[in-house]
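K.L.:
This structure is in structure tokens; I'll ask about it shortly.
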Amino acid sequence: MNLELSEMNLKLVMILQEWDPFEVGEEGYDVEIAEVMDAVHELHHPSDLAKKIQAIYERTFEKWIPLQECTKVSYKLLAVKMNTGEA
């Protein structure tokens, strides 16, 4: 894995840890963060990523996050991806 990709992944993790949609603390989302990271590398459109994020977190926590909240996060994640040039 190249350095740019490593740095990008660290930034993505930080964004997702800070988000904390269910207020369980930064360490409470390891599985979800890993799945979202995969989705960020696969998807390129904010609404597609937002729906995927919503589904990942809903499956684990059995709570619904408004799509608008997921969309805000998806834009932040994709901005990091675009700035790294992986898109």
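FYI, it's all coordinate maths here, none of it is from the lab. Everything quoted here is computed from the prediction, not taken from an experiment. Positions of Cβ are backbone-derived with ideal geometry, glycine not excepted, and every protein chain shown enters the neighbour counts.
K.L.:
Fewest to most neighbouring Cβ within 10 Å: what's the order for W19, W64?
P.N.:
The order, fewest Cβ neighbours first, is W64, W19.
K.L.:
Please work out how much length the chain gains when fully extended from N2 to D48, using 0.36 nm per residue of separation minus the C-alpha to C-alpha distance, in nm with one decimal.
P.N.:
Gain in length upon complete extension: 13.9 nm.
K.L.:
Using only the alpha-carbon atoms of the chain, report the extent along each of the three principal axes, biggest first, to the nearest angstrom.
P.N.:
Here the spans come out as 35, 26, 16 Å, largest first.
K.L.:
Now for a separate question. From Cα pairs below 8 angstrom and at least 6 apart in sequence, can you work out the relative contact order of the chain, rounded to a whole percent?
P.N.:
Relative contact order of the chain: 32 percent.
K.L.:
For a quick check of your reading of the filter: which GluC sites (Glu not before Pro) in region 18-87 sit in a DSSP loop and have no more than 10 other Cβ atoms within 10 Å?
P.N.:
E23, E62
K.L.:
Please report M14, M8, M37 as a ranked list, fewest other C-beta atoms within 10 angstrom at the top and most at the bottom.
P.N.:
If I rank by nearby Cβ atoms, fewest first, I get M14, M37, M8.
K.L.:
Related question: What's the FRET efficiency of L67 with L10 using the Cβ-Cβ distance as r and R₀ = 30 Å, to the nearest 0.05?
P.N.:
For R0 = 30 Å, the calculated efficiency reads 0.70.
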